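Colleague: The structure's right below; bear with me while I get my questions together.
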Amino acid sequence: MNFEPDNKGYWGEFGGRFVPETLVAPLDELNDAFLASRDDPEFHAELATLLRHYSGRPTPLYFAKRLGEELGGAQIFLKREDLNHTGAHKINNCLGQILLARRMGKTRIVAETGAGQHGVATATVCALFGLKCVVYMGSEDIRRQELNVFRMQLLGAEVRAVDTGSRTLKDAINDALRDWVTNIVDTYYLLGSALGPHPYPLMVREFQSVIGREARKQIVEHTGKLPDQLVACVGGGSNAIGLFHPFLNDEGVRMTGVEAGGRGIGLGEHAARFAKGASVGVLQGTRSYVLQDDDGNIAATHSVSAGLDYASVGPEHSYLRDAGRIEYASVSDSEALEAFQMLSRTEGIIPALESAHAIAYAAKIAPKMSQDQIMIVNVSGRGDKDVDSVRQLINGGGR
Amino acid sequence: MSDRITQSLKNGRGFIPFVTAGDPDDASSLEICKLLAERGASVIELGVPFSDPMADGVVIQRSSQRALENGVNLTRVLSLASKLRASSDVPVVLFSYLNPILRFGIEELCAEAKRSGIDGVLIVDAVDSEARELSEMFAKHDISLISLVAPTTSDERLEKICRNARGFIYAVSTAGVTGARGSISNDAERLVARVRKFTDLPIAVGFGISTHEQIEAVWKFADAAVVGSAIVAEIEASLETQDAVSRVEALIDHLLPLQMATHTHKVEGSQL
C-alpha cells in the first residue's frame, strides 16, 4: 500500500491545494524549500540538535504499570510527548518549520492556535530565533485557555483575538490565512497541524514522525517486539499521524485515532468528522472529511478540548480511514474528563484534555485485550493548561 | 467572441459591481442588482454566502454572515438571478467558494445556473487542474469559469491560466483580501500589462477599489473595475435605516457620474 501523496499533495482523493491564486506562489516557494530541506543533511543535523538539546528529545516511552493494573488487559505504554519543552508535541513541527522560514529569509511568523499549545510552541521558536510572531486565536479559546495566552505574550508574541464564526480554531486559521495572503513578502505561515493546502499536511507529518520513529525503536528495546495497538487523539491529526506513520507498513499494528465526541451526536455537538453521516468537502485549502450542513457551510463543533474542536481533519487521515488502515473512534467530553483524572491518579501524569481522549479510548479497549498484548498511547501534551477549566467542570457541573 | 460577458466588456470602461446575494434580504438584493444594471454595470458579480470566506476582508465576511443568517443558499441565489434575468440582460457571474458548489453538485449547478441565466462562475479557491476540470464542465453548458490572476502569479502560470480562460480575466490588484484601500498599487498595472501578453480577453481589476478616481485610474490600463466592499459597506450602513437601495444609488452617483460607463443594460418594468 502506498502512503505517500502525489506531487500535488493528494492521498487518493484527499488533500490538494484549494487556495486563492495569490497563495499559489508562496505555497510553491514553501514546497521548494521543504523539498530542498528534505535532502539536506545540514538541515536534518540542525533540527536533530534542536530537538535533542532544546526540546529534550527523545521523549520517554513509559510503561504505565498502575494504569494497566487498574484497567486489566493489555500492557500500556505512554509516549511522553508532554515532556517536550513547552509541554506538547507541537514543538517538533515548530522547530522544523522555523528552520525552513529562516532559510526562506522570512522575518515575520503568523500562526493559528486552538488550545494554545501550537501558539505557545510557535511563540517559543520565534523567541529562540528573534523573529516577530503574531498568533491568531478564537476568542472562545482565549476564554478557556487564558494561561496559554499569557504564556505567548511572555514569549514576546502578539495574540490577536478572532471573533468571527464559532470563535475557535477554524476561525483562527481563516484569519491567519488572511494575514499571510496580505503579507506574503516577509511573512511565513507556521501552520500547526497536518491540515491546510499542500505541502502543509505532508510537511507537518514529516516533522511529527519523529514521535513514531522513536516509539518504534523504544518499544522494541523495551519488549522485543512491535506493539499490537496504537492510540492517539485526532483534532487536525498531527500527533496521531506522527505516531502512526512510521508503523503504517507494520501489518500487525492496529491504529486508532480518537475524535472528540463532545456532548452529543447532533451536528454542532461534537467534532467527530468520521462519525455517521460523514461527508467530504473542501475547507481551508484541503479536501477531506468535513462537518458541514446541507448547503456546504461548515458546521459549528463542540469539544471540551479546544485542540480537538475543529470541523475538518488532516487529509492523510481521511485517506487512511477510507483505505481501512486506521480506525477512528470517538469519546465524549465526560469520558475524557474521567480519563484526565484517572491518569493523574494512577500514574501521576496530568494529561492535556486532548490526550485524555486517547487515554479514555485506551481505557475502553485495554480490558478486552490480553495481558501479553501491547498498546502505545500518545500523551500528546500535558494538562497544566486545562487544570483550571477541569476544576470548574468538576465542581461546577459543566459550562 | 460570442461570450456575453466578453461582449459586455470589450469596449473598455467597464464597471463590475459585487453584492452578496440576499444581503440585507432577497427583495432588496434584487432591487439593488436591477439598479446596478440600469446604472451601468457591465457585469454583476453575485456573491454566494459561505461560512468561511478566507479570501474576504471583514466587510464581505459580515455581509456573508448576514445572508447566511437570512437562510440564503445557492438555490436562493439562483432564484434571485433568474428574477434579475427576467427584467435585465446584464451578464451575471456567481462569485463563490468551492464547498457550497461541491455540496450542491457541479452538474446540478450547471443545469440550474443555465436555467437561471447565469453567464459565468468565479470560484475563489479553485486553481490549476481543479479549475480546468470545472471550467470544462461549465463550458459544456455555455457557462464561463472566470479566472483570477494575482501579482504573485508567474508568467508561466499566467500563460496557462489565460490559455483556458473564458469571459474575462479578473486581476487581483494587490496581495491581500477583499476590501477598500486608499490607493491602487502599481502592482495592478504591471500585472495587467503581463496578462495582455497572453490573452485578448478583457481584463478587470478588483480588490480595493472604492472611489470614482480609482475607477478612472483603472480604466487607463484595464478594461473594467470591480467594486465590491464599498457597495456592501453601504448595504451594511443601511441596516438600521432600511434604505439600502437609495444608499447604493447615492454611491453609484459618486462612482459613476451618469453616462460615464460605456453602456447601460435595459431593465424592463423597473420601478427605479
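Colleague: When only residues in the stretch B:159-173 that are in contact with a Pro (Cβ under 9 Å, 6 or more places away or on another chain) and within 11 Å of B:D3 (Cβ to Cβ) count, which is surrounded by the fewest Cβ atoms within 10 Å (Cβ to Cβ)?
Modeller: The first filter runs over the stretch B:159-173 and keeps only residues in contact with a Pro (Cβ under 9 Å, 6 or more places away or on another chain), leaving B:167-169, B:171-173.
The next check asks that each one be within 11 Å of B:D3 (Cβ to Cβ); those that pass are B:167-168.
On the way: B:G167: 27, B:F168: 32.
Across the stretch B:159-173, the extreme among qualifying residues is B:G167.
Colleague: Also: What number goes with the only condition from (1) over 22 Å from A:F14 (Cα atoms); (2) surrounded by 19 or more Cβ atoms within 10 Å (Cβ to Cβ); (3) at pLDDT 95 or above that A:G192 does not pass?
Modeller: A:G192 satisfies all of (1) over 22 Å from A:F14 (Cα atoms); (2) surrounded by 19 or more Cβ atoms within 10 Å (Cβ to Cβ); (3) at pLDDT 95 or above except (1).
Colleague: Next up: Out of A:G268, A:G281, which single residue is within 23 Å of A:G114 (Cα to Cα), within 14 Å of chain B (Cβ to nearest Cβ), in contact with a His (Cβ under 7 Å, 6 or more places away or on another chain) and not charged (D, E, K, R)? Don't jump to the end; show me each part of the working.
Modeller: Working: A:G281 fails: in contact with a His (Cβ under 7 Å, 6 or more places away or on another chain).
Checking each option against the conditions leaves just A:G268.
Colleague: Any idea which residue in the stretch B:72-89 is farthest from the other protein chains (Cβ to nearest Cβ), counting only those that are within 17 Å of the chain's Cα centre (by Cα) and of a type in the set (G, A, S)? Full working, then the answer.
Modeller: If we filter the stretch B:72-89 for residues that are within 17 Å of the chain's Cα centre (by Cα), which is where we start, we get B:74, B:77-78, B:80-82, B:84-85, B:88-89.
Still in the running and of a type in the set (G, A, S): B:81-82, B:88.
Working: B:A81: 16, B:S82: 18, B:S88: 26 Å.
Checking each candidate, the answer is B:S88.
Colleague: While we're here: Quickly run through the stretch A:270-297 and pick out the residues that are under 29 Å from A:S334 (Cα atoms), assigned to a strand (DSSP E or B), over 17 Å from the mean Cα position of the chain (by Cα) and not aliphatic (A, V, I, L, M).
Modeller: Once the filter is applied, which keeps residues that are under 29 Å from A:S334 (Cα atoms), assigned to a strand (DSSP E or B), over 17 Å from the mean Cα position of the chain (by Cα) and not aliphatic (A, V, I, L, M), the stretch A:270-297 yields A:S279, A:Q292.
Colleague: What's the number of the only condition in (1) more than 10 Å from chain A (Cβ to nearest Cβ); (2) in contact with a strand residue (DSSP E or B) (Cβ under 9 Å, 6 or more places away or on another chain); (3) of a type in the set (S, T, Y); (4) not in a helix (DSSP H, G or I) that B:Y170 fails to meet?
Modeller: (1)
Colleague: Can you tell me which residues in the stretch A:122-131 are in contact with a strand residue (DSSP E or B) (Cβ under 7 Å, 6 or more places away or on another chain) and either under 18 Å from A:R143 (Cα atoms) or part of a helix (DSSP H, G or I) (or both)? Walk me through it before giving the result.
Modeller: Restricting attention to the stretch A:122-131, the residues satisfying the condition of being in contact with a strand residue (DSSP E or B) (Cβ under 7 Å, 6 or more places away or on another chain) are A:122-123, A:126, A:131.
Of everything in the stretch A:122-131, those that are in contact with a strand residue (DSSP E or B) (Cβ under 7 Å, 6 or more places away or on another chain) and either under 18 Å from A:R143 (Cα atoms) or part of a helix (DSSP H, G or I) (or both) turn out to be A:T122, A:A123, A:C126.
Colleague: Sticking with this structure for a sec: Which residues, counting only those in the stretch A:1-55, are charged (D, E, K, R), within 14 Å of chain B (Cβ to nearest Cβ) and touching a residue at least 40 places away in the same chain (Cβ under 8 Å)?
Modeller: A:K8, A:E13, A:R17, A:E29
Colleague: Determine which member of the set B:A81, B:A21 is in contact with a Lys or Arg (Cβ under 9 Å, 6 or more places away or on another chain), modelled with pLDDT of 95 or more and among the small types (G, A, S). Spell out the reasoning first.
Modeller: Working: B:A81 fails: in contact with a Lys or Arg (Cβ under 9 Å, 6 or more places away or on another chain).
Matching residue, one of B:A81, B:A21: B:A21.
Colleague: So, one more: Could you say which residue among A:S318, A:S332 is buried (at least 24 other Cβ atoms within 10 Å of the Cβ) and among the hydroxyl-bearing types (S, T, Y)? Let's see the steps before the verdict.
Modeller: Values: A:S332 fails: buried (at least 24 other Cβ atoms within 10 Å of the Cβ).
Residue meeting the stated conditions: A:S318.
Colleague: Can you tell which of A:A275, A:A271 is within 18 Å of A:A360 (Cα to Cα) and surrounded by 24 or more Cβ atoms within 10 Å (Cβ to Cβ)?
Modeller: One residue alone meets the criteria, A:A271.
Yes/no matrix, rows are residues, columns are (1) farther than 17 Å from A:S355 by Cβ; (2) within 14 Å of chain B (Cβ to nearest Cβ); (3) under 20 Å from the mean Cα position of the chain (by Cα):
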site: A:I184; (1), (2), (3): yes, yes, no
site: A:T187; (1), (2), (3): yes, yes, no
site: A:L190; (1), (2), (3): yes, no, yes
site: A:L202; (1), (2), (3): yes, no, yes
site: A:S209; (1), (2), (3): yes, no, yes
site: A:G212; (1), (2), (3): no, no, yes
site: A:A232; (1), (2), (3): no, no, yes
site: A:G235; (1), (2), (3): no, no, yes
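Colleague: Filter the stretch A:300-331 down to residues that are among the hydrophobic types (A, V, I, L, M, F, W, C) and in a loop (DSSP other than H, G, I, E, B) and give me whichever is farthest from A:I173 (Cα to Cα). Explain how you work it out, then say what you get.
Modeller: As a first pass, look at the stretch A:300-331 and keep what is among the hydrophobic types (A, V, I, L, M, F, W, C): A:300, A:304, A:306, A:308, A:311, A:313, A:320, A:323, A:326, A:329, A:331.
Checking which are in a loop (DSSP other than H, G, I, E, B) leaves us with A:300, A:304, A:311, A:313, A:323, A:326.
Numbers: A:A300: 15, A:V304: 19, A:A311: 12, A:V313: 13, A:A323: 28, A:I326: 26 Å.
The qualifying residue farthest from A:I173 (Cα to Cα) is A:A323.
Colleague: Given (1) more than 25 Å from A:L27 (Cβ to Cβ); (2) surrounded by fewer than 24 Cβ atoms within 10 Å (Cβ to Cβ), identify the lone condition not met by B:R194.
Modeller: (1)
Colleague: Specify the residue that is surrounded by the fewest Cβ atoms within 10 Å (Cβ to Cβ); the eligible residues are those in the stretch A:288-302 that are touching a strand residue (DSSP E or B) at 6+ places or on another chain (Cβ under 6 Å) and at the interface with chain B (Cβ under 9 Å from one of its Cβ atoms).
Modeller: Per the stated criteria, the residue is A:A299.
Colleague: Which pairs turn up if I take residues in the stretch A:234-261 that are within 14 Å of A:G381 (Cβ to Cβ) and look for partners that are of a type in the set (D, E) and not in a strand (DSSP E or B) with beta carbon separation below 7 Å, at least 6 apart in sequence or on another chain?
Modeller: As it stands, the answer is A:G235/A:E354; A:N239/A:E81, since those pairs meet every condition given.
Colleague: Run down A:K385, A:K368 and say which single residue is buried (at least 17 other Cβ atoms within 10 Å of the Cβ), farther than 14 Å from A:V258 by Cα and among the basic types (K, R). First the steps, then the outcome.
Modeller: On the way: A:K368 fails: buried (at least 17 other Cβ atoms within 10 Å of the Cβ).
The conditions single out A:K385.
Colleague: Give the residues of the stretch A:370-399 that are assigned to a loop (DSSP other than H, G, I, E, B), within 14 Å of A:A115 (Cβ to Cβ) and not polar (S, T, N, Q), sorted by residue number.
Modeller: If the condition is that a residue be assigned to a loop (DSSP other than H, G, I, E, B), within 14 Å of A:A115 (Cβ to Cβ) and not polar (S, T, N, Q), then A:G383 is the only one that fits.
Colleague: Looking only at the stretch A:105-121, count how many residues are within 20 Å of A:V204 (Cβ to Cβ) and either without any contact (Cβ under 8 Å) to a residue 24 or more places away in the chain or in a helix (DSSP H, G or I) (or both).
Modeller: Residues meeting the conditions: 5.
Colleague: Quick one: in the stretch B:90-134, of everything that is under 18 Å from B:D3 (Cβ atoms) and basic (K, R), which residue is nearest to the other protein chains (Cβ to nearest Cβ)? Lay out the reasoning, then the answer.
Modeller: To start, the set of residues in the stretch B:90-134 that are under 18 Å from B:D3 (Cβ atoms) comprises B:90-95, B:110, B:113-114, B:116-123, B:131-132, B:134.
Imposing the further condition that a residue be basic (K, R) reduces the set to B:114, B:132.
Numbers: B:K114: 20, B:R132: 13 Å.
Going through the qualifying residues, I end up with B:R132.
Colleague: Restricting to the stretch B:217-241, and then to whatever is out of contact with any strand residue (DSSP E or B) (no Cβ under 9 Å at 6 or more places or on another chain) and either hydroxyl-bearing (S, T, Y) or free of Cβ contacts under 8 Å to residues at least 40 places away in the same chain (or both), can you tell me which residue is surrounded by the fewest Cβ atoms within 10 Å (Cβ to Cβ)?
Modeller: That would be B:E240.
Colleague: Could we say that B:K160 is more than 8 Å from chain A (Cβ to nearest Cβ), closer than 26 Å to B:V19 by Cβ and in a helix (DSSP H, G or I) here? Don't jump to the end; show me each part of the working.
Modeller: Values: more than 8 Å from chain A (Cβ to nearest Cβ): yes; closer than 26 Å to B:V19 by Cβ: no; in a helix (DSSP H, G or I): yes.
In short, no.
The values are calculated or read from the model by the stated rules, or taken from the named source; none is laboratory data. Bear in mind that the values here come from a model prediction, so they are computed numbers and not experimental data. So basically every Cβ, Gly included, is an ideal-geometry build from the backbone, and we count neighbours across all protein chains shown.
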